[in-house]
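Novice: To start, I am sharing the structure in question, which I have written as structure tokens.
The values are calculated or read from the model by the stated rules, or taken from the named source; none is laboratory data. These numbers were taken from a predicted model, which means no experiment stands behind them. In this analysis, Cβ positions are derived from the backbone assuming ideal geometry, glycine residues included, and neighbour counts consider all displayed protein chains. These area figures cover heavy atoms from the full protein model, side chains too; ligands, DNA and RNA do not enter into them. Shrake-Rupley method; radii C 1.70, N 1.55, O 1.52, S 1.80 Å.
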Amino acid sequence: MKILTAKQMQSVDARATQRFGIPSLILMENAALAVVDAIFEHYRDCERAAVVCGIGANGGDGLAVARHLENRGVVPAVLIVGDRKKLEGDARVNLEICERLALPMYDVVDEESLDDALLHAADADLVVDALFGTGLNRAPEGVYAAVIRSINELTLPIVAVDLPSGANASSAAPFEPCVRAAVTVTFAAPKICHVFDPAASLCGEVIVADISIPAAAIEDEGITLALTTPADVRPHLGPRLANTHKGTYGRVAIVAGSPGRSGAAVLAARGAIRTGAGLVTVITDRETAPLIHAHSVESMTATDDEAIAGKDALLVGPGLRDDEESYARVRALVERVEAPLVIDASALNAFAGRAGEINPHGRPRVITPHPGELARLIGGNAKSINDARVDAVRQAARAANCIVVLKGHQTLIADPDGYVRVNPTGNPGMASGGMGDVLGGIIAALLARGVDPFDAAAAGVYLHGFAGDLLRDEMGDTGLAASDLAERLPLAIRRL
């Protein structure tokens, strides 16, 4: 699902009306109906609604919402903030309909009229926020700021039309003040503010409504930022056929583990096995091999890199030693292996400041750094990476010439051409040791089944977070263990 900026959404709207001939009034009508449907889905007992409208297109949406609510038996109180004479086009059409219907409307032009209007709004069961839409490009001021603060103070549930008033559609940083919505109904595609915190936390539940804008109107915009959805993941998690065997589902080699770090190798193997890999072999040192063998009974154990031969995919890094001898071995291994490869953890440290050496031959490669590891790879520090995560992951994908998974809240997946997916699954309970090792095993298992590296990374991250969410729902968000998450992977696959 594409993620748009305000300018891109404006272009998509224009394309829908000009190229495809869809009247803008129909789009406004469909938007209003989507909001009303959301209200009745979430607040079935609603009898009165305060509809706060601005004097732009978003206000027109709100006026259309008000008349549909009235038709369905909900008593609306419409607060028009600003000079209603300035309403134009489709918004003017809806204003005139509301006037002919004699809907109760209250003009808010200053603090005194706001106080009068709030007396009516306070009797409502919820507030519909249609003050500002995607066109807002600066902080609300004057009576508009006062309105936003006032409706927040009502402590009523707020349903935002398109985005909470005060949010910047093109930024993760909201303006001040900003509406705190319980539900936001946006149209055609999510905007930046719906996806990235802190703005996303002000949107509440986000519903992306189809208002009849053709998919081609969005695709022609050439957008390179998208949100991963279950529909993107399902094709790579299809049911198994009867006439298959373990070789059908891929052979995975995992180069991992060292004295004191055997658990990372075990967890990576569990991730691959529970994602459905047919055969998993862990390649480690002689001292560590017995520990891994004892704790990962479904996988095989080897102590020689020759065991890599014939494997469909390889994961290298979890639990390896952090010293120059180990780094040299990793670099040599990455140079000679042609099979799809996931590089994680200590193996990433082998390429600190050497991103261009990871994939000079353009082979199928996925790297899975956290912000600190990415900083060591391309420069900067964890803070600078987190301050500009989308830019950083794009830079890393270009520099390393491979798929980059930048782990963390809203994990990002980028390819060398600059296309980025944002992952919506996962939770704070997953902030514990070993989670990344399981993820590496998941992605390796998908690669071994022949899934394209970018799709394997995006699907693997989504599946990993989804399993974590199932675990949280079952156990809460404290004390979650990576081994428990791995055991939820088959259920997560079935649910998806």
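Novice: Would you pull out the residues with amide H under 5 Å of residue 420's amide H, same chain only if 5 or more places away, H placed 1.01 Å from N?
Specialist: Placed amide hydrogens put 225, 226 under 5 Å from residue 420.
Novice: Using θ = phi - 60° and the Karplus relation 6.51 cos²θ - 1.76 cosθ + 1.60, list the HN-Hα couplings for region 77-84 in order, rounded to whole Hz, with x at every Gly or Pro.
Specialist: Listing the rounded values in order: 10, 9, 9, 9, 9, x, 7, 4 Hz.
Novice: Next up: Of the peptides 340-347, 231-238, 25-32, how do they stack up when ordered by the mean number of other Cβ atoms within 10 Å, highest first?
Specialist: 340-347, 25-32, 231-238
Novice: Only Cα pairs under 8 Å and at least 6 apart count here; give the relative contact order of region 117-179 as a rounded whole percent.
Specialist: Once divided by the residue count of region 117-179, the mean separation gives 42 percent.
Novice: Pairing the Cα long axis of helix 24-42 with the longest principal axis of the chain, what angle in degrees results, from 0 to 90 and rounded to the nearest 10?
Specialist: Roughly 70 degrees between the two axes.
Novice: Any idea which of 396, 351, 409 is furthest toward the positive side of the dipole for the chain, if Lys and Arg beta-carbons carry +1 and Asp and Glu beta-carbons -1?
Specialist: Toward the positive end, the furthest listed residue is 351.
Novice: Next question, about the same structure. Using a 1.4 angstrom probe on the protein heavy atoms only, could you order 303, 134, 155 from most to least accessible area?
Specialist: Reading off the accessible areas and sorting them downward yields 155, 303, 134.
Novice: Moving to a separate point now. Amide H of residue 75 versus every other amide H placed in the peptide plane: which residues, excluding those fewer than 5 positions away on the same chain, fall under 5 Å?
Specialist: HN-HN under 5 Å from residue 75: 48, 49.
Novice: What's the ranking of 202-212, 401-411, 69-79 by average number of surrounding C-beta atoms within 10 Å, highest first?
Specialist: 401-411, 69-79, 202-212
Novice: While we're here: Taking amide hydrogens as modeled 1.01 Å from N in the peptide plane, which residues meet the under 5 Å criterion relative to residue 184, leaving out close sequence neighbours?
Specialist: 160, 205, 206, 207
Novice: Taking residue 85 as the anchor, which aspartates and glutamates have their alpha carbon closer than 13 Å to its alpha carbon, excluding any fewer than eight residues away along the same chain?
Specialist: By straight Cα distance, residue 85 reaches 96, 99, 107.
Novice: Taking the 0 to 90 degree range and rounding to the nearest ten, how far is the long axis of helix 57-71 tilted relative to the main principal axis of the chain, both from C-alpha atoms?
Specialist: 70 degrees
Novice: Could I ask something else about it? Given Cβ point charges of +1 (Lys, Arg) and -1 (Asp, Glu) and nothing else, what value in debye, to the nearest 20, does the dipole of region 317-382 about its Cα centre take?
Specialist: It comes to approximately 160 debye.
Novice: Could you state the accessible area per residue of the chain in Å², with a 1.4 Å probe and every protein chain left in place?
Specialist: 41 Å²
Novice: Let me ask something else about it. Considering just Cα atoms, how many Å³ per residue does the convex hull of region 404-457 enclose?
Specialist: In region 404-457, the Cα convex hull volume per residue is 76 Å³.
Novice: How much of the accessible area of the chain, probe 1.4 Å, is carbon plus sulfur, in whole percent?
Specialist: Here it works out to 50 percent.
Novice: Sticking with this structure for a sec: Go through 144-151, 273-280 and give me the packing order, highest mean Cβ count within 10 Å leading.
Specialist: 273-280, 144-151
Novice: Separate question: Taking square-rooted eigenvalues a ≥ b ≥ c of the alpha carbon gyration tensor, is region 137-183 rounded, prolate or oblate, where a/c under 1.5 means rounded and, failing that, a/b exceeding b/c means prolate?
Specialist: Taking the square roots of the gyration eigenvalues as a ≥ b ≥ c, region 137-183 is oblate.
Novice: Which of rounded, prolate, oblate describes region 373-421, given a ≥ b ≥ c as roots of the alpha-carbon gyration tensor eigenvalues and a/c under 1.5 marking rounded, otherwise prolate only if a/b is larger than b/c?
Specialist: oblate
Novice: Sticking with this one: Got a sec to turn the phi values of region 417-429 into Karplus ³J(HN,Hα) couplings, 6.51 cos²θ - 1.76 cosθ + 1.60 with θ = phi - 60°, whole Hz, x for Gly and Pro?
Specialist: Result, ordered by residue: 7, x, 7, 10, 10, 10, 8, x, 8, x, 7, x, x Hz.
Novice: Oh, and also: Per DSSP helix of 4 or more residues, -39500 (n - 2.57); summed, then divided by the residues of the chain. What does that give at 222 nm, rounded to the nearest 500?
Specialist: That calculation yields -12500 deg cm²/dmol at 222 nm.
Novice: Another question, if that's okay. For region 484-496, just list the computed ³J(HN,Hα) in residue order, Karplus coefficients 6.51, -1.76 and 1.60, θ = phi - 60°, integers in Hz, with x standing in for Gly and Pro.
Specialist: Once θ is set to phi - 60°, the couplings for region 484-496 become 5, 4, 4, 5, 8, 4, x, 5, 4, 5, 5, 5, 6 Hz.
Novice: Pairs 311/383; 191/246; 191/311; 2/407: which are spaced more than 32 Å apart, C-alpha to C-alpha?
Specialist: 311/383; 191/246; 191/311
Novice: Using Cα pairs closer than 8 Å and at least 6 residues apart in sequence, work out the relative contact order for region 1-116, in percent.
Specialist: It rounds to 22 percent for region 1-116.
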